[in-house]
Structures are given as structure tokens and as C-alpha cells.
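Report on the following structure.
The values are calculated or read from the model by the stated rules, or taken from the named source; none is laboratory data. None of these values were measured; they are calculated from a predicted model. Neighbour counts run over all protein chains shown; Cβ positions are idealised from the backbone, glycine included.
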Amino acid sequence: MRISGLAAAIFAAAGPLLPTALARTVAPGEEVQVAVEAAAPGEVVELLPGLHRGPVLLDRPVTLAGHDGAVLESPGRGSVVTVTAEGAAVRGLTLRGSGSNLDAMDSGVLLHQSAKGAVVEGNRMEGNLFGVYIHGAEGAMVRGNTILGRQGGRMSEHGNGVTVWNAPGAKVLDNDIRYGRDGIFTVASRQNTFSGNRFRDLRFAVHYMYTNQSEVSGNVSVGNHVGYAIMYSQRLVIRSNLSYGDRDHGFLFNYANGASVTGNVVLGRAITSGGAMPAGV
């Protein structure tokens with residue numbers, strides 16, 4: 001394990017070329033959790049390329065980051081990374097090996113309510129029950145991740161790519177989500193933004209329940225059962241989304257009151273036992 005400090009102040013004029021935080025590197029075989037517990041607030045714990053053993057708990061405001069080829073794998077129990085600290089971040093890792101307990105929210109990354117403003121960015125998540133579960137983490141950001149859920153078995157036994165529960169201000173942006181149950185499932189939340197995401201091979205690309213004053217924009221749903229299922233939610237902005245070849249409905253609205261729905265496109269046809277039929281609104 002190595003620790004590198006900030007460059008000397010004499011070189012401060014170099015600005016963007018200098019690191020802005022301490023970095024603590026962890027080689028395969030070393031204990032990731034030990035490095036996290038030794039890290040100071042604001043420090044970066046960097047995993048070098050290779051296989052690292054999880055799970056990991058981020059209970060302080062540090063960044064857990066991976067070099068290219070860094071894999072963090074849990075033994076099939078619990079969540080790979082659990083975040084309880086406000087302002088913590090998980091970046092640039094391949095994450096796999098979560099458990100299969102839906103009630104326990106076993107995930108690639110689980111953000112607890114105390115993890116306000118946490119960031120999950122640029123990761124690849126493979127075969128976890130849930131990709132990212134935002135469990136009440138206000139203002140959390142999930143951006144630029146590739147999330148591959150589980151295949152086979154019963155759909156009811158799968159988790160979602162991203163789940164948002166009671167997390168005001170949370171944003172889910174520019175992710176590529178495939179397999180599992182729903183791409184993004186949100187319930188009992190408000191003031192969320194889901195934008196620029198891509199969804200394939202899912203039940204619902206975006207599934208809204210009891211979530212108000214939020215935005216769904218610029219997303220692409222391809223070949224799912226339903227593109228955008230908006231239920232029991234109010235005052236949403238739904239604009240510039242694409243549904244292409246979704247089998248049952250491009251957009252499904254049920255008690256979606258006060259929504260602004262503009263500039264969306266539905267293309268393709270659903271194939272049923274009776275032949276082809278439009279998959280529209």
C-alpha cells in the first residue's frame with residue numbers, strides 16, 4: 001500500500017496538472033477495507049488492476065476508485081459496496097458478486113439515507129441483484145455506468161438497474177442498463193432527473209410510482225416490454241425520449257396527473273400471437 005501526497009506548493013501554479021487530493025493505492029491481495037478505514041476525509045483509495053475482494057463499507061467521505069482493469073468482487077452475500085457517508089464516491093470499478101436477497105437490497109452499490117450527495121460514476125456492474133440502490137440518499141448522482149443485471153429465472157427474482165426510494169434530488173444520468181427487471185424504478189420520491197440513459201432487454205425501461213415533480217428526458221428504450229411506465233405520479237416533465245421496438249407499450253400512463261409530455265418518439269411494432277400491432281401510448 002502506497003500513499004502519495006500533494007505536490008510541493010512551489011508548483012501550485014501548474015494548477016490542473018497537479019492532484020487535488022491524497023491517493024492511497026491498493027494492490028490485489030491487500031485489504032480494501034483496511035485502506036478505506038485508514039483514509040482521511042477527501043482521500044482517494046485507488047484499486048490497482050486485478051481482482052480485489054469485497055464487500056467494502058464507505059463510512060467516511062472518501063472516493064473508492066479503480067484503475068483500468070480493477071475488479072471488486074464479493075462472495076455472493078450482501079452488497080459489493082455499501083455507502084453510509086455523505087459525499088462519498090465510487091468510480092471506475094468493475095463490481096460483481098452481490099447476494100440475492102431482495103429484502104436486504106443486495107446491490108453493486110447500496111446508498112443508505114445518510115449518504116447524501118454520494119456519487120456512483122463510470123463503473124461497470126455485472127450480474128448483481130440490483131445495480132445501484134439509492135435508499136433515501138438525497139441528492140445522490142448515478143452517472144455514466146454500465147449496468148448488466150441478471151438473466152434467466154423468474155423476473156420477480158431479479159432486481160432493477162437503478163432503484164430510487166425517497167431520495168429527493170437524486171439524478172440518474174447517461175447510464176447503459178441491460179437485463180434484470182426494470183431499468184430505473186422510482187417510488188415515493190420527488191425532484192429527480194433521469195436523463196440520457198439507454199435501456200435494453202428489460203421489463204420496463206423507466207418505472208415511476210408515487211414520484212412527483214421530476215424529469216424524464218433524452219432517454220432511449222430499445223426492445224423492452226414497456227418503455228416508460230408512469231403511474232400515480234404528478235407534475236412530471238417527460239420530453240425527448242425514444243421508444244424503439246418496445247413490445248407492449250412505448251409509453252404507459254396511469255394516474256399521471258399534470259404531466260408535460262413533449263417531443264417524444266415511439267417507433268417499431270410489437271409482435272404478438274395475432275400478428276403485428278403498434279406499440280404506442
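Here are a few things to note about the model shown:
- The residue of segment 54-70 that is surrounded by the fewest Cβ atoms within 10 Å (Cβ to Cβ), among those that are within 28 Å of Asp103 (Cα to Cα) and touching a Ser or Thr at 6+ places or on another chain (Cβ under 8 Å), is Asp59.
- Number of residues in segment 117-134 that are within 20 Å of Ala188 (Cβ to Cβ) and crowded, with 20+ Cβ neighbours inside 10 Å equals 6.
- Of the strands (runs of 3 or more DSSP E) lying entirely inside segment 18-81, those containing at least 1 residues that are in contact with a Lys or Arg (Cβ under 8 Å, 6 or more places away or on another chain) are 23-26, 44-47, 63-66, 70-73.
- Of the residues Glu73, Glu30, Glu43, Glu37, the single one that is under 13 Å from Asn128 (Cα atoms), at pLDDT 95 or above and surrounded by fewer than 22 Cβ atoms within 10 Å (Cβ to Cβ) is Glu73.
- If you go through segment 88-116 and keep only what is buried (at least 18 other Cβ atoms within 10 Å of the Cβ) and out of contact with any Asp or Glu (no Cβ under 9 Å at 6 or more places or on another chain), you end up with Leu93, Met105, Asp106, Ser107, Val109, Leu110, Leu111, His112.
- Pairs, first modelled with pLDDT of 95 or more in segment 130-155, second among the acidic types (Asp, Glu), C-beta under 6 Å, six or more apart: Arg143/Glu121; Arg143/Asp174; Gly144/Glu121; Gly144/Asp174; Thr146/Asp176; Leu148/Glu126
- Qualifying residue in segment 253-273 (condition: modelled with pLDDT under 95, out of contact with any strand residue (DSSP E or B) (no Cβ under 6 Å at 6 or more places or on another chain) and of a type outside the set (Val, Ile, Thr)): yes
- Candidate set: segment 224-270, residues that are in contact with a Leu (Cβ under 6 Å, 6 or more places away or on another chain) and in a strand (DSSP E or B); chosen: the one nearest to Pro168 (Cα to Cα): Ala229
- Test result for Ser233, out of contact with any helix residue (DSSP H, G or I) (no Cβ under 9 Å at 6 or more places or on another chain), among the polar types (S, T, N, Q) and either buried (at least 22 other Cβ atoms within 10 Å of the Cβ) or under 16 Å from Trp165 (Cα atoms) (or both): yes
So that you can scan it fast, the table gives a plain yes or no per residue for (1) among the hydroxyl-bearing types (Ser, Thr, Tyr); (2) under 28 Å from Gly153 (Cα atoms); (3) more than 17 Å from the chain's Cα centre (by Cα):
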| position | (1), (2), (3) |
| --- | --- |
| Pro55 | no, yes, yes |
| Pro61 | no, no, yes |
| Arg96 | no, yes, no |
| Gly108 | no, yes, no |
| Ala115 | no, no, no |
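- Segment 90-127, residues that are over 25 Å from Asp201 (Cβ atoms) and touching a Leu at 6+ places or on another chain (Cβ under 7 Å): Ala118
- Restricting segment 156-179 to residues that are of a type in the set (Gly, Ala, Ser) and either crowded, with 21+ Cβ neighbours inside 10 Å or farther than 17 Å from Ser217 by Cα (or both), the residue that is modelled with the lowest pLDDT is Ser156.
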